[in-house]
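Beneath this line is the structure, given in structure tokens, with notes to follow.
No value in this document is a laboratory result; all are computed from the given coordinates. The structure presented is a predicted model; accordingly, all values stated were derived computationally and were not measured. FYI the Cβ positions are ideal-geometry reconstructions off the backbone, even for glycines, and counts take in every protein chain you see.
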Amino acid sequence: MGPQPTTAVPHYVAPVPATAPTNQLAIVSLAAGVACYFILPVIGAVIAVITGHMARGQIRRTGESGNGLALIGLILGYVHLLIGLLIGLFVVLVVLGFLGFFASQH
């Protein structure tokens, strides 16, 4: 008997694309942005904004991943600062209103 025909299909393994490492400052920005609502009210927001901007600059230069993380950290930080500013403005207006009310009573 002669050689038997084979029906085996050659195995092809697709190469795994290399992923860029995630920028560490982007992770810090996201973590600080979340933490500013629970643990570190103002300081966390400032850290989220600063590290978010730094991370986006590094990502543009190096091609690392994490741009979305940095952007979310920036948004969370800026929104927290805006809420704090609005609350502070409200408190000042309430205090000035009370002072004006009591001053007009005398």
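Order these by the 10 Å Cβ neighbour count, fewest first: 94, 28, 16. Intermediate results must be reported in sequence, preceding the final value.
Details: 94 10, 28 20, 16 6.
The order, fewest Cβ neighbours first, is 16, 94, 28.
In deg cm²/dmol, rounded to 500, what helix-only [θ] at 222 nm does the chain give when every DSSP H run of at least 4 residues adds -39500 (n - 2.57) and the total is split over its residues?
Taken over the chain, the calculation gives -24000 deg cm²/dmol.
Quick one: which residues, 5+ away or cross-chain, put their amide H under 5 Å from the amide H of residue 22? H built at 1.01 Å from N.
Sorted by chain and number, the residues that satisfy this are 65.
Report the label-to-label distance for residue 27 and residue 96 in nanometres (one decimal), using points 7 Å from each Cα along the Cα→Cβ vector.
4.6 nm
Is the chain rounded, prolate or oblate when judged by the Cα gyration tensor, a ≥ b ≥ c being the square roots of its eigenvalues, rounded requiring a/c under 1.5 and prolate requiring a/b larger than b/c?
Judged from the Cα gyration tensor, the chain comes out prolate (a/c at least 1.5, a/b above b/c).
Can you check what the net charge comes to around residue 69, using other residues whose Cβ is under 15 Å from the Cβ of residue 69 (Lys, Arg +1; Asp, Glu -1)?
+1
Mean Kyte-Doolittle of at least 1.6 plus a Cα span of 20 Å or more along the axis: flag which DSSP H helices in the chain meet both, please.
Those that pass (Cα extent of 20 Å or more, hydropathy at least 1.6) are 67-104.
Please rank 53, 80, 11, fewest neighbouring Cβ atoms within 10 Å first, as an exposure proxy.
Least crowded to most crowded, the residues run 11, 53, 80.
Taking the Cα-to-Cβ direction at residue 54 and at residue 40 and moving 7 Å from each Cα, how far apart do the two end points lie in nm?
Spacing of the two 7 Å Cα→Cβ label points: 1.1 nm.
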